[in-house]
Amino acid sequence: MIFFIGFRELFYQIWLLLFFCLIGCQQAKVSSNLVSEEDLKQLRKIDVHAHYKYPRSYLPNFFKRWNMKAMLVDVAIEQGDSIVKNFDNYLTHYELLPELFYLCTTFTAKGIDSPDYIDKTIAQLKSNIAQGARMVKVWKNFGMVTKDSKGNYIQIDDQRLNPIWDFLVENKITVLAHIADPEQAWRPLEDPNNPHYNYYKSNPQYHAYNFPEIPSYETIIGARDQWVKNNPDLKIIAAHILSMSNDIDAVAQRLEAYPNLSVELGARFGDLAMQDSEKVRIFFDKYQDRILFGTDYGTGEAEYQKSSEALLAEAKNLEERYQLLFDYLTKQDSMVLRKQQTKGLALSKSVLEKIFSKNYLKFLTRSN
């Protein structure tokens, strides 16, 4: 009996030893895959979703130090009967520093009932592409804002838009699609720690919860999915992780269903941080060929409008914001991201190379 008890204790101690050795080996394996700070800086990076509308004297050095380029993404915002676009501002910045930037144009469905709508829209896109645009942005105007002459919200799968998608396929132009907002837009603002709380506090016009006439989240997402399905030859990068960033299982379902679809990460790292970090890491590993790095960062006013102190603070803030995103992707430390307690993903160098640049460069090789 004594021998049996002793053997059992010995067996338990050996089991514990093996268990901790296994955990230690796994941690050592993850640690050995971590990229160093110097390696991180050397990795080629493309921020595929940025809004640097106005130049900054600090930006060239900042981008070169991080070995980074950015896509200057125009957005068409409807204000009453007018449409506010900033393509000329982005074009000026792009022409000033073409080695640091790519260019993305946009359009809306406003005036879709006009007989010349398609011709005018395609003519505008042709002109912008000739000026250097490599992508076309479609925004949440589709589904949430723009109405036709009958007062119906125009969804992205509206058949009247088909000639535009055919034109983009023919010219091998990728679409950056921000369709719908996060599900939070259709929910009451109750949690100040939610990653989207401040946005809807500051932009109540897009808080769909207060506008019951706006189609439901499910309706807009359904139209978006149908559009992707209807256009299998159209290369689509879904901005903001498909507007489903709070549910990576739902994102994975779409990536499995639609081979022409990829996702970018801009302004949705907080949603990722709310989910289990190991689950998120597995998602990144599995779909490493379909994920692109983006931030949604930008400049909203001309440099001369800001004091030297404000510019210094802006540059420091930008550095810290990029560094935090890089830390989340590359390290395994605990951290706070958009008020969410989480842990870094510790992605391998090979995965990071794809997400940071290689995946987007594949789109460029297909384009004009």
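The values are calculated or read from the model by the stated rules, or taken from the named source; none is laboratory data. Since the model is a prediction, treat every value here as computed from it, not as a measurement. For neighbour counting, all protein chains shown are included, and Cβ atoms are generated from backbone atoms with ideal geometry for every residue, glycine included.
Of all residues being of a type in the set (A, V, I, L, M, F, W, C) and buried (at least 17 other Cβ atoms within 10 Å of the Cβ) in the range 84-96, which is nearest to the chain's Cα centre (by Cα)? Just the residue, please. Within the range 84-96, the match that is nearest to the chain's Cα centre (by Cα) is Phe87. When the range 60-94 is filtered for residues that are of a type in the set (Asp, Glu), in contact (Cβ under 8 Å) with a residue 24 or more places away in the chain and over 17 Å from Gly294 (Cβ atoms), only Glu78 remains.
Applying the condition of being of a type in the set (Gly, Ala, Ser) and within 18 Å of Ala133 (Cβ to Cβ) to the range 52-83 and asking which residue is surrounded by the most Cβ atoms within 10 Å (Cβ to Cβ) yields Ala70. Every condition in (1) surrounded by fewer than 20 Cβ atoms within 10 Å (Cβ to Cβ); (2) in contact with a helix residue (DSSP H, G or I) (Cβ under 8 Å, 6 or more places away or on another chain); (3) of a type in the set (Lys, Arg) is met by Lys140 except one, and the failing one is (1). Inspection of the range 275-286 finds a residue satisfying the criterion of being surrounded by 13 or more Cβ atoms within 10 Å (Cβ to Cβ) and aromatic (Phe, Trp, Tyr).
Residues checked against (1) closer than 23 Å to Val73 by Cα; (2) charged (D, E, K, R); (3) in contact (Cβ under 8 Å) with a residue 60 or more places away in the chain:
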{"site": "Ser114", "(1), (2), (3)": "no, no, no"}
{"site": "Ala123", "(1), (2), (3)": "yes, no, no"}
{"site": "Arg134", "(1), (2), (3)": "yes, yes, yes"}
{"site": "Val145", "(1), (2), (3)": "yes, no, yes"}
{"site": "Arg160", "(1), (2), (3)": "no, yes, no"}
{"site": "Val169", "(1), (2), (3)": "yes, no, yes"}
{"site": "Tyr199", "(1), (2), (3)": "yes, no, no"}
{"site": "Thr219", "(1), (2), (3)": "no, no, yes"}
{"site": "Gln226", "(1), (2), (3)": "no, no, yes"}
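When the criteria are applied in full, Asn193 meets the requirement of being touching a strand residue (DSSP E or B) at 6+ places or on another chain (Cβ under 9 Å) and either basic (Lys, Arg) or at pLDDT below 95 (or both). Just give me the residues in the range 168-186 being surrounded by fewer than 18 Cβ atoms within 10 Å (Cβ to Cβ) and either out of contact with any helix residue (DSSP H, G or I) (no Cβ under 8 Å at 6 or more places or on another chain) or closer than 17 Å to Gly270 by Cα (or both), in sequence order. Correct list: Val169, Glu170.
I'd like the full set of residues that are more than 23 Å from the chain's Cα centre (by Cα) and either among the β-branched types (Val, Ile, Thr) or closer than 22 Å to Asn203 by Cα (or both), limited to the range 108-145. Full working, then the answer.
Taking the range 108-145 first, the residues more than 23 Å from the chain's Cα centre (by Cα) are 110-124, 126-127, 130-131.
Result: Lys110, Ile112, Ile118, Thr121, Ile122.
When the range 327-346 is filtered for residues that are without any contact (Cβ under 8 Å) to a residue 12 or more places away in the chain and small (Gly, Ala, Ser), only Ser334 remains. Would you call Ala273 over 14 Å from the mean Cα position of the chain (by Cα) and more than 25 Å from Asp39 (Cβ to Cβ)? When the stated conditions are applied, Ala273 does not pass them.
For the range 149-158, the criterion of being more than 18 Å from Ile220 (Cβ to Cβ), of a type in the set (A, V, I, L, M) and buried (at least 21 other Cβ atoms within 10 Å of the Cβ) is met by no residue.
A count restricted to the range 94-108 and to residues that are out of contact with any Phe, Trp or Tyr (no Cβ under 6 Å at 6 or more places or on another chain) and not polar (S, T, N, Q) stands at 8. Checked against (1) under 18 Å from Trp66 (Cβ atoms); (2) among the hydrophobic types (A, V, I, L, M, F, W, C); (3) in a helix (DSSP H, G or I), Leu347 passes all but a single condition, namely (3).
Residues in the range 238-260 that are more than 22 Å from Ile282 (Cβ to Cβ) and buried (at least 20 other Cβ atoms within 10 Å of the Cβ): Ala239 alone.
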